[in-house]
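Take a look at this one; I'll ask things after.
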Protein chains: 2
Amino acid sequence: MRIGELAAQAGMTKDTIRFYEKVGLVAAHRLANGYRDFPPETVPWLRYVRTAQRLGFSLAEIARHGEDLRDAPDTAEALSALFAEKIQIIDARMAELGALRAELTARAGTGCPLRAS
Amino acid sequence: MRIGELAAQAGMTKDTIRFYEKVGLVAAHRLANGYRDFPPETVPWLRYVRTAQRLGFSLAEIARHGEDLRDAPDTAEALSALFAEKIQIIDARMAELGALRAELTARAGTGCPLRAS
DNA sequence: GTTGACCTTGGAGCGTACTCCACCCTTTAG
DNA sequence: CTAAAGGGTGGAGTACGCTCCAAGGTCAAC
């Protein structure tokens, strides 16, 4: 799969994918003419990258996780562990949001919410 | 309150506070000698800034919320509306996280989560 | 054999959020 | 009077994550 099709399927620009290759987030071998050739599983991988980014992981962290997965003896098991870890992060973040929400709700009735606390 | 004490109480560096002043996130009047003088409520405000940041708001968004508050400092009604708006944003963000959580939970059990979907 | 879509590279530039630096002034304690 | 602690400015630099551009090679269709 060449970069244009990958970009279309993953929903990002070619420039972004070239940038990701530069930082080691994706790998491609080259065709005889020098064009990048990506394996098809790069599509779900890039979608996963987007998801992980939305959860607040930096590209460096995501790249490291990818390496961990490649090194793992049982990929499915490692992925499940990784997802479980992310779910915990989501739960923590939701709890934080809930706390802020409660705080704002409580302050909404006061005269000067920012001065309180 | 001068910048050093504020920095200590808010848990950030003086440089960060000067930067925040530059981008309009905090305001200070000046003493006769040119030193910045911050009102005491800047401490909870900066703590609030940190919280909002952790929850994914950009400094620009936080600054805009602060301006909205300054534009209607006396109207409890307006304040309630602003907080309600923020709570809506939080709810939307929580819903998004909830969807991601569900997606990850569903994938965690599959043989090859990245290939699924 | 030329057009046009697609690909290559290197490098510049941008927005966000700081972080550090040099150099200089002010205040306070001894 | 001096030294230390604290404050001021402007500007450069950093890290991240892209984004855009120029100049040029490749390939299939007409």
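Among the residues of segment A:10-17, is there at least one that is surrounded by fewer than 16 Cβ atoms within 10 Å (Cβ to Cβ), within 14 Å of DNA strand C (Cβ to nearest atom) and farther than 30 Å from B:Ile90 by Cα?
Within segment A:10-17 (the criterion being surrounded by fewer than 16 Cβ atoms within 10 Å (Cβ to Cβ), within 14 Å of DNA strand C (Cβ to nearest atom) and farther than 30 Å from B:Ile90 by Cα), the answer is yes, since at least one residue qualifies.
Go through segment B:22-36 and give me each residue that's touching a strand residue (DSSP E or B) at 6+ places or on another chain (Cβ under 8 Å) and surrounded by 15 or more Cβ atoms within 10 Å (Cβ to Cβ). So that I can check it myself, show each step before the final result.
Quick first cut of segment B:22-36, residues touching a strand residue (DSSP E or B) at 6+ places or on another chain (Cβ under 8 Å) only: B:28-31, B:36.
B:Ala28, B:Arg36, listed by residue number.
Moving to a separate point now. Being under 16 Å from the mean Cα position of the chain (by Cα), over 19 Å from A:Arg2 (Cα atoms) and at pLDDT 85 or above, is that true of even one residue in segment A:73-92?
There is no residue in segment A:73-92 that is under 16 Å from the mean Cα position of the chain (by Cα), over 19 Å from A:Arg2 (Cα atoms) and at pLDDT 85 or above.
Scan segment B:40-49 residue by residue and report those that are surrounded by 13 or more Cβ atoms within 10 Å (Cβ to Cβ), modelled with pLDDT of 90 or more and more than 8 Å from DNA strand C (Cβ to nearest atom).
Filtering segment B:40-49 down to residues surrounded by 13 or more Cβ atoms within 10 Å (Cβ to Cβ) leaves B:41-49.
Narrowing further to those that are modelled with pLDDT of 90 or more: B:41-47, B:49.
The answer is B:Glu41, B:Thr42, B:Val43, B:Pro44, B:Trp45, B:Leu46, B:Arg47.
In segment B:51-62, how many residues are within 8 Å of the chain's Cα centre (by Cα), more than 13 Å from B:Lys86 (Cβ to Cβ) and either within 8 Å of DNA strand C (Cβ to nearest atom) or surrounded by 15 or more Cβ atoms within 10 Å (Cβ to Cβ) (or both)?
Looking only at that region, the number is 3.
Per-residue answers, yes or no, for (1) at pLDDT below 95; (2) under 22 Å from B:Ala106 (Cα atoms):
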position	(1), (2)
A:Thr13	no, no
A:Arg30	no, no
A:Phe38	no, no
A:Ile62	yes, yes
A:Glu67	yes, no
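Tally the residues that are under 16 Å from A:Met12 (Cα atoms), part of a loop (DSSP other than H, G, I, E, B) and within 13 Å of DNA strand D (Cβ to nearest atom), restricting the search to segment A:24-53.
2
Sticking with this one: For segment B:50-70, what are the residues that are within 11 Å of chain A (Cβ to nearest Cβ) and closer than 15 Å to A:Leu100 by Cβ? Show your work before the answer.
Start the filter on segment B:50-70 by keeping residues that are within 11 Å of chain A (Cβ to nearest Cβ), which leaves B:51-52, B:54-57, B:65-66, B:69-70.
Across segment B:50-70, the qualifying residues are B:Thr51, B:Ala52, B:Arg54, B:Leu55, B:Gly56, B:Phe57, B:His65.
The values are calculated or read from the model by the stated rules, or taken from the named source; none is laboratory data. Remember, predicted model here, so these are calculated numbers, not experimental data. FYI the Cβ positions are ideal-geometry reconstructions off the backbone, even for glycines, and counts take in every protein chain you see.
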